[in-house]
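Everything below concerns the one structure shown next.
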Amino acid sequence: MENLTFTLQVITVDFFLAYGLYSLLYLACRIFITNPILEKIDVESTKLISLIGIVYGVLWLIGLGIILTSSAEQDLYDVKNRIFGKYWFGYWIQPFLWILITQLLRFIKIRRNILSRLTAAFFLMLSIERIIIIITSLHRDYLPSSWTMYSDAGIYPSNFFLGMLMKVFLFLFFVASYYYLKIFSKKNKILNN
């Protein structure tokens, strides 16, 4: 179960977040540059994120089945209460939102529309849990003298920016790998026939 949870976390952080950041960069570049190579990269990245959305959905459902079958009786009651209880939407909305967004990006009109692409990027980058954490942390009663932006966390703007940039480059590496894997498999089909 830990491996499955880790895999789902990798998908959400390293693929969904990176695709959202890539989308923002792509939309900014599309304003100034009209290049068919840029469009081809976008098409392949959208195909990859749609495939990863399906993989995420399957793994999430497998994890849900594992949770429902392997929990102790009291834990099972708590899990069922969380999944099907009064606040059921809190459990179901985020995975279905990620799956829905990744599959809607298959449509050309949605992929090319700036507003829908920005909305998709926003919801892929920020989960509902992260949005709630940001909102509640902004509404706390801190005095301005106690605000510290770069305390002991070691997070500085340059590190954060470089980390996000590395996520985008890693995502583009996976897009290129996906593209060349498709070409390689097509060539092998031709050679085998």
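All of the numbers you see were taken from the coordinates with simple rules; none came from a lab. What you see is a predicted model, and the numbers here were worked out from it, not measured in a lab. Positions of Cβ are backbone-derived with ideal geometry, glycine not excepted, and every protein chain shown enters the neighbour counts.
Structure notes:
- Options (1) 58, 50, 32; (2) 62, 36, 32; (3) 55, 34, 27 - which one matches Cα extents along the principal axes in Å as calculated here: (1)
- Cα Rg, Dmax (largest Cα-Cα span) when computed across the stretch 25-122, Å: 18.3, 59
- Neighbour-count ranking [beta-carbon atoms within 10 angstrom, fewest first] of Arg111, Arg106: Arg106, Arg111
- Neighbour-count ranking [beta-carbon atoms within 10 angstrom, fewest first] of Thr12, Thr102, Thr7: Thr7, Thr12, Thr102
- Leu68 paired with Leu172, simple spin-label distance in nm, labels 7 Å along Cα-to-beta-carbon: 4.2
- Extended-chain gain in nm, criterion 0.36 nm per residue less alpha-carbon gap, Glu129 and Asn81: 15.4 nm
- Cβ-to-Cβ counts within 10 Å put Ser137, Ser45 in ascending order as Ser137, Ser45, the fewest first.
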